[in-house]
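The values are calculated or read from the model by the stated rules, or taken from the named source; none is laboratory data. As the structure is a computational prediction, the values presented were derived from the model and not from experiment. In this analysis, Cβ positions are derived from the backbone assuming ideal geometry, glycine residues included, and neighbour counts consider all displayed protein chains.
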Amino acid sequence: MAEPVNRTRKPKPELPRDLVSGARTDLGALPARVGALHAKILEAVATRDLEKLRIPVEWNEVPPIFERGTRKGPGFDPLDMLKTRSFDGKGREMLAILQAVMEAPYVSVKRGPFETYVWPSFAVTPPQNPDEKTRLHMLRCIRFADLGLRNAAGQPLIHNVRIGSDGTWHTFMPDV
């Protein structure tokens, strides 16, 4: 006689929750490679020359993701994507947004053994009642074409940068 089959489902393991720090402005507290990349990005955007951003982009083995669903293949240039996404078609809007993002406070997000640094902090933990200065800074982190649009959580499409604790630049795009 066959053994009875146990058809009860095992409970799904609980996914680790993100541990998010408070907003920080102390760049000296960043891991050295994260701080170096942050400085290199700000140095590049200060020139207002999109081509200068190529240096921090190429520090990675794989280019950072600037848009969801992007196909990467022969001849792929991430800077061309920034030009395409920019209102002016030359990348200046995206450089201005990247500068606003990187000049804002940041948070660290821990998920299991991984830690990521995210600029601006308000992309992860939006303030309930932002003061005028914060509200204007938030607007500087949104593409002109995205004004009025919201993500799944009902928040504006604020661009953010995510850098791993090892200094790998993962993304520059809004969370949708």
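Annotations for the structure displayed:
- Residue that is part of a loop (DSSP other than H, G, I, E, B), of a type in the set (Asp, Glu), at pLDDT below 90 and surrounded by 10 or more Cβ atoms within 10 Å (Cβ to Cβ), where the choices are Glu14, Glu67: Glu67
- For Val101, the criteria (1) part of a helix (DSSP H, G or I); (2) more than 24 Å from Arg135 (Cα to Cα); (3) in contact (Cβ under 8 Å) with a residue 40 or more places away in the chain; (4) not acidic (Asp, Glu) hold in every case but one, which is (2).
- From the options Thr84, Thr47, residue that is farther than 25 Å from Pro156 by Cβ and of a type in the set (Ser, Thr, Tyr): Thr47
- Residue check, Val107 of a type in the set (Val, Ile, Thr), at pLDDT 95 or above and within 22 Å of Ile55 (Cα to Cα): no
- Extreme residue, farthest from Gly164 (Cα to Cα), among residues of the stretch 17-58 that are of a type in the set (Val, Ile, Thr) and without any contact (Cβ under 8 Å) to a residue 40 or more places away in the chain: Thr47
- If you go through the stretch 133-148 and keep only what is surrounded by fewer than 13 Cβ atoms within 10 Å (Cβ to Cβ), farther than 16 Å from Pro120 by Cα and free of Cβ contacts under 8 Å to residues at least 40 places away in the same chain, you end up with Leu147, Gly148.
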